[in-house]
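> One structure is given below, represented as C-alpha cells, and several questions about it will come after.
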Amino acid sequence: MDNLTMLKNLAVRATKDEHPRVRYAAVYALGQLCTDMEGALQEECGEEVLRCLIEVSKGRESRLQAFAAAAMVNFFNSADVEIEPLKPVLKEVFSQLVSLLNTGTAFVKKNALEAMALLAAFMEDSFTEFYPQIMPQLLNLLEGPSPSTDSEVTLRAKAIDCASQIASAVDSSISSPDAIRLLNALHQIRLGVNTEEDSTTMTYLFGAFARLAESVGPEVFKPYVEDCFGQLVMAAQKKTDMTISQGDEDEEEEDEEWETVTVDGDVVAIRTSALEEKADACHQLVILVQAISSILPPAALNEVLQIAHPLLRFYFSVSVRQSAAALIAVSVHGLSQSNISQDDRVAILNPVSDAFAEHIAADTDPEFLATLITSWTTCYKYLPNCLLPASRDRFIKSLEAQLASLETRDRERRQSGEADEDDAIELAGYEDGDVLVFSSINGALSMLLEAEGPIFPVEPFLPFLRLMGTGSVAPVHFALRLLSDIIEHTGDAGYGFVKPYLEHVLNVLVAPDHTTRRIASYAVGVAAETTFPVYLDFLKAAIEPLFIAAGPLDLNNNAHTAARDNAVSALSKIIRNFGDQLNAEVLLPRWVATLPVFVDGEEMAPVYSLLLDLIARGHSSVSPSTDAALHVTKVLVAAMENSDLPPILHRPIAQALKSYVSSIPAGGPTFEIPAHVEAKVVALLE
C-alpha cells in the first residue's frame, strides 16, 4: 500500500505540471491504477483522486478533458467500495460531467456520457437528486435528429446507454414518469437503424431495452418486445468467424483481433469483436428473459432453451457459457409459470439436468461451475417432482466428481508450502473461485435434501464431511453446511451419518475464523431443534464452547457479531429443547447475560422467544426484583431498536418491555428508555 500511495502522490503532483503531455500521462496513470489495483486506490484515496480529475477536466485542453472523463470511467468501473466516503465529492463529479456534456467536443461528450452512466450505476438510489438535471437533457438528445456522422452515431449510442443506466439506478417511482418517453425514443431509433451497418447502436439499444424491461416490468414493456427479443435471440446464436489450423496455440502469432484455443489438437481462432458481440447478446438476453418471461409464450422460451444448450460448449468465452447456463435457468422459470403439462415439465428438466451434469463433472472454471450449479438448483426448484432417478443419479455423480477435484486442489495448495508473492496471489484467486463452487454445491444439496428428505442417497457425500478437519476455510464451511442439512432433513437416521464428524464441529466452535464459528454454531442449533435424544451428549459437549463463542462483543466487526448471535441462539435452542436434561437452572443466568443479539434476524426469533417465555413465567434469571432487571430492560430496548427484529416479535417485545419496567420495585435499578422507543411501544400497543 505504501507503493500505491507513492505512485498516487507522484501522479497527482504531475497533473499540475505546466506541460500538457505530462498532465496527460499523469491522468492516464491514475486511470490505469484505478483498474489495475482493483479498487484499492478508490478505497484508500478515492476522494483525492476524483478531485484531482475534476480539476484536470476544468482545463481548456479538450484532450485532457476527455482523458480525465475516461479516468473517471475506470474509477467507477472498478470501484467495489463504499459510497459513503465518496459522497462529499460526487456532486462535484456530476456537475463537472454535465459541464463537459454542455461544452465539450464530441470525444469529450462521449467519455462524459460513459462516466455519467457508471456514476449512476455506482450511486444507485443516491443518484436520485441528480436525476431531474440530466434525464431531460438525455431525452432531448435521443429524440433529436438522426446522426449524420460516425461521431454523432457513437455519441447517441453512449446517450442510450447513459439514459437506461440512470433509469435503472434510481427507484422506479422516480424514473417511471419518463419511462414510456424513453422507450418510445428507443423504439424510434430502432426503426431507423440499419442493423447490418450500425452494430454499435444495436448493441447499446439491446442493453438499454433489457435494463428498462427489468425496471418497468413485463406489462409496461410488452409493446417493445418485438424491438429486441427476436434480434437478441438471433445475435446470441449467430455463428462467429473462425479459422482452424494445425499446431500449438502458443506458437501462433499474437493478434489482438483474434482469440485462439486448442480443441482436439487443432488451433481454432475466432475474431474477438465477434466474441464480445456474442457475449453481450447472451448477457442481455438473460436480463430480458428474466424480466419478461411471464409474457413470453412457451414456444419462445423453448426456442431460447434450444439456442442456450449448445452455448454451454462455447469454449472460446466463459462469459457466453455462464450466460447460457443462466439463460436456461430463467427460461425454465418462465416455462414453469406457463400452462404446460407434467409430462412437458419432466421433458424440460431432465435434458437440462443431464447437460449440466456433464459439465459439472469435468469442467474446471470456477465461475462457470458456480453459475452452472446455481442454475441447476433454480431449474430444480421451479420444476419440482420432475427429476427422474437416472438424471438425479447423473447429477449426484457429477457433484461427487467435482467435490473430489475441489478436495484435490485444496490438498495441493496446502502441500505446496510457502509461495512467493505472485504465486500467493494466484493461489488466493483459485481459492476464491473454489469458494463459489463449494457454496453452489451446498445450495444444490440443500435443495435436494429438503425435497427428498430421508430417501435422498446421502452416502456418496459423507466422505466429504472429513473436510471439516482440513483447516482450509472454504472446505470446512462446505462440510459444516452439508452436515447441518443432513441433520435437518434426514430424520433420526441422520445421527448415524454425522456421528463420526461431530467432534470436528465441537473443535471449530472456537475457531479463529468468525464465519466458521457462525456455521458451526448454526449446526449445533439445528441438532438441538431436532429434539432427537441421540444428540444429547453432543449438545452437552457443545455448551461450554458455545459460551466461549458468545463471549465479548465487538460491534465494529459484523462477522464476529453474527458468529456470536448464532452461538447465543444455539444455546437458546439447547435450553428450550433439552433443558430438563441439562440443568437449565444453572445455564439460564449465564445465557441471559449473553443477550442481546444484534445482526442475524433469523436467530432473533428463538432467542427472544425464550426470553419472553422466561419473563412471562417470572423466572428468577430475569426477575425484575434482582440485579438482572437493568440488563433485561436494556436487552428489550435494544431489541426494539433493532431494524432486523422480525415483525412477529415487535408487539410481544413491546408488551414485555412495558410490563417488565412497570414491575421493577420502587428503589430498584432504573434505566431511561429512549423517547423513540417509548413512542414505538405506544404505537404498537394502541
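The values are calculated or read from the model by the stated rules, or taken from the named source; none is laboratory data. Not measured: the values here are computed from a predicted model. Neighbour counts are summed over all protein chains in view; Cβ atoms, including those assigned to glycine, are modelled from backbone coordinates with ideal geometry. Accessible surface areas use protein heavy atoms only, side chains included; no ligands, DNA or RNA. Shrake-Rupley method; radii C 1.70, N 1.55, O 1.52, S 1.80 Å.
> Inspect segment 662-669 for any residue being in contact (Cβ under 8 Å) with a residue 12 or more places away in the chain, outside any loop (DSSP other than H, G, I, E, B) and of a type outside the set (Ser, Thr, Tyr) and give the result as yes or no. Spell out the reasoning first.
Applying the first criterion (in contact (Cβ under 8 Å) with a residue 12 or more places away in the chain) to segment 662-669 yields 663-665, 668-669.
Those left that are additionally outside any loop (DSSP other than H, G, I, E, B): none.
So far as segment 662-669 goes, no, none of its residues is in contact (Cβ under 8 Å) with a residue 12 or more places away in the chain, outside any loop (DSSP other than H, G, I, E, B) and of a type outside the set (Ser, Thr, Tyr).
> Checking residue 343 against (1) modelled with pLDDT of 95 or more; (2) open to solvent by less than 50 Å² (accessible area, probe 1.4 Å): exactly one of these is not met. Which one?
If we test residue 343 against (1) modelled with pLDDT of 95 or more; (2) open to solvent by less than 50 Å² (accessible area, probe 1.4 Å), just (2) comes out false.
> Need pairs with beta-carbon distance below 6 Å; first residue free of Cβ contacts under 8 Å to residues at least 60 places away in the same chain and among the β-branched types (Val, Ile, Thr) and within segment 89-103, second assigned to a helix (DSSP H, G or I) and surrounded by fewer than 17 Cβ atoms within 10 Å (Cβ to Cβ); sequence gap 6+ or separate chains.
From segment 89-103, the pairs are 89/47; 89/51.
> Just one of (1) closer than 20 Å to residue 549 by Cα; (2) open to solvent by 20 Å² or more (accessible area, probe 1.4 Å) trips up residue 620, so point out which.
(1)
> Having 1 or more residues that are of a type in the set (Lys, Arg), open to solvent by less than 40 Å² (accessible area, probe 1.4 Å) and farther than 30 Å from residue 208 by Cα is the bar; report the helices (runs of 4 or more DSSP H) wholly within segment 1-118 that clear it. Spell out how you get there, then give the answer.
Numbers: elements: 2-14, 20-36, 40-57, 62-78, 87-103.
Output list reads 2-14, 20-36.
> Could you please tell me which pairs satisfy a Cβ distance under 7 Å, a separation of 6+ or placement on different chains, a first residue in segment 318-334 that is under 16 Å from residue 214 (Cα atoms), and a second residue that is surrounded by fewer than 24 Cβ atoms within 10 Å (Cβ to Cβ) and of a type in the set (Val, Ile, Thr)?
326/371; 333/378
> Select from segment 456-477 the residues that are open to solvent by 30 Å² or more (accessible area, probe 1.4 Å) and touching a residue at least 60 places away in the same chain (Cβ under 8 Å) and list them in ascending order. Outline the logic, then answer.
First pass over segment 456-477, keeping only residues open to solvent by 30 Å² or more (accessible area, probe 1.4 Å): 457, 459-460, 463, 466, 469-471, 473.
Those that are open to solvent by 30 Å² or more (accessible area, probe 1.4 Å) and touching a residue at least 60 places away in the same chain (Cβ under 8 Å): 457, 460, 470.
> Go through segment 670-686 and count every residue that is over 23 Å from residue 599 (Cβ atoms) and part of a helix (DSSP H, G or I).
Qualifying residue count, segment 670-686: 6.
> Give the residue, chosen from 245, 273, that is assigned to a helix (DSSP H, G or I), more than 30 Å from residue 339 (Cβ to Cβ) and modelled with pLDDT under 90. Lay out the reasoning, then the answer.
Numbers: 245 fails: assigned to a helix (DSSP H, G or I).
Testing whether each residue is assigned to a helix (DSSP H, G or I), more than 30 Å from residue 339 (Cβ to Cβ) and modelled with pLDDT under 90 leaves just 273.
> Kindly indicate whether residue 149 is surrounded by fewer than 16 Cβ atoms within 10 Å (Cβ to Cβ), hydroxyl-bearing (Ser, Thr, Tyr) and closer than 22 Å to residue 199 by Cα.
Numbers: surrounded by fewer than 16 Cβ atoms within 10 Å (Cβ to Cβ): yes; hydroxyl-bearing (Ser, Thr, Tyr): yes; closer than 22 Å to residue 199 by Cα: yes.
The answer is yes for residue 149.
> Looking for whichever is touching a Pro at 6+ places or on another chain (Cβ under 8 Å) and open to solvent by less than 20 Å² (accessible area, probe 1.4 Å) here; the options are 521, 572. Which one fits? Quick ask: steps written out before the conclusion?
Values: 521 fails: touching a Pro at 6+ places or on another chain (Cβ under 8 Å).
One residue alone meets the criteria, 572.
> Under the condition of being within 27 Å of the chain's Cα centre (by Cα) and of a type in the set (D, E, K, R), which residue from segment 478-511 is surrounded by the fewest Cβ atoms within 10 Å (Cβ to Cβ)?
My answer is 488.
> So, residue 59, is that one at pLDDT below 90 and over 22 Å from residue 166 (Cβ atoms) or not? Spell out how you get there, then give the answer.
Numbers: at pLDDT below 90: yes; over 22 Å from residue 166 (Cβ atoms): yes.
Considered against the rule, which asks whether it is at pLDDT below 90 and over 22 Å from residue 166 (Cβ atoms), residue 59 comes out as yes.
> Please verify whether residue 680 is open to solvent by 60 Å² or more (accessible area, probe 1.4 Å), under 24 Å from residue 618 (Cβ atoms) and not hydroxyl-bearing (Ser, Thr, Tyr), treating the condition exactly as stated.
Answer is no for this residue.
> Can you pull out the residues in segment 495-516 that are in contact (Cβ under 8 Å) with a residue 40 or more places away in the chain and either β-branched (Val, Ile, Thr) or farther than 20 Å from residue 566 by Cα (or both)? Outline the logic, then answer.
Here is the first cut: in segment 495-516, the residues in contact (Cβ under 8 Å) with a residue 40 or more places away in the chain are 495, 508-509, 513-516.
Residues satisfying the conditions are 495, 508, 515, 516.
> Filter segment 365-424 for residues that are at pLDDT 95 or above and among the charged types (D, E, K, R) and give the result.
The answer is 381, 392, 393, 394, 397, 400.
> Residue check: is residue 196 within 23 Å of residue 281 (Cα to Cα) and of a type in the set (D, E, K, R)? Outline the logic, then answer.
On the way: within 23 Å of residue 281 (Cα to Cα): yes; of a type in the set (D, E, K, R): yes.
Judged against the criteria, residue 196 is a match.
> When segment 563-586 is examined, which residues are found to be among the aliphatic types (A, V, I, L, M) and at pLDDT 95 or above? Working first, answer last.
Within segment 563-586, the first condition is being among the aliphatic types (A, V, I, L, M), and the residues that meet it are 563, 567-568, 570-571, 574-575, 582, 584, 586.
Listed by number, the residues that qualify are 563, 567, 568, 570, 571, 574, 575.
> Keeping to segment 152-186, report how many residues are open to solvent by 50 Å² or more (accessible area, probe 1.4 Å), in contact with a helix residue (DSSP H, G or I) (Cβ under 9 Å, 6 or more places away or on another chain) and not hydroxyl-bearing (Ser, Thr, Tyr). Explain how you work it out, then say what you get.
Quick first cut of segment 152-186, residues open to solvent by 50 Å² or more (accessible area, probe 1.4 Å) only: 152, 171-174, 176-177, 180-181, 184.
Of the ones still in play, those that are also in contact with a helix residue (DSSP H, G or I) (Cβ under 9 Å, 6 or more places away or on another chain) are 152, 171-172, 174, 176, 180-181, 184.
Keeping just the survivors that are not hydroxyl-bearing (Ser, Thr, Tyr) gives 152, 171, 174, 180-181, 184.
Matching residues across segment 152-186 total 6.
> If you check 663, 643, which single one turns out to be of a type in the set (Gly, Ala, Ser), at pLDDT below 95 and open to solvent by 90 Å² or more (accessible area, probe 1.4 Å)? Before you say what the answer is, go through the steps one by one.
Working: 663 fails: open to solvent by 90 Å² or more (accessible area, probe 1.4 Å).
Checking each option against the conditions leaves just 643.
> Now a separate question. Residues of segment 304-337 being buried (at least 16 other Cβ atoms within 10 Å of the Cβ) and among the hydroxyl-bearing types (Ser, Thr, Tyr), which ones?
317, 319, 323, 331, 336 - these are the residues of segment 304-337 that are buried (at least 16 other Cβ atoms within 10 Å of the Cβ) and among the hydroxyl-bearing types (Ser, Thr, Tyr).
> Which one is modelled with the lowest pLDDT, of the residues in segment 212-242 that are of a type in the set (D, E, K, R) and closer than 22 Å to residue 314 by Cβ? Can you show your working first?
Step one: list which residues in segment 212-242 are of a type in the set (D, E, K, R), which gives 214, 219, 222, 226-227, 238-239, 241.
From what is left, the residues that are closer than 22 Å to residue 314 by Cβ are 238-239, 241.
Numbers: 238: 83, 239: 80, 241: 63.
Filtering segment 212-242 for residues that are of a type in the set (D, E, K, R) and closer than 22 Å to residue 314 by Cβ, the one modelled with the lowest pLDDT comes out as 241.
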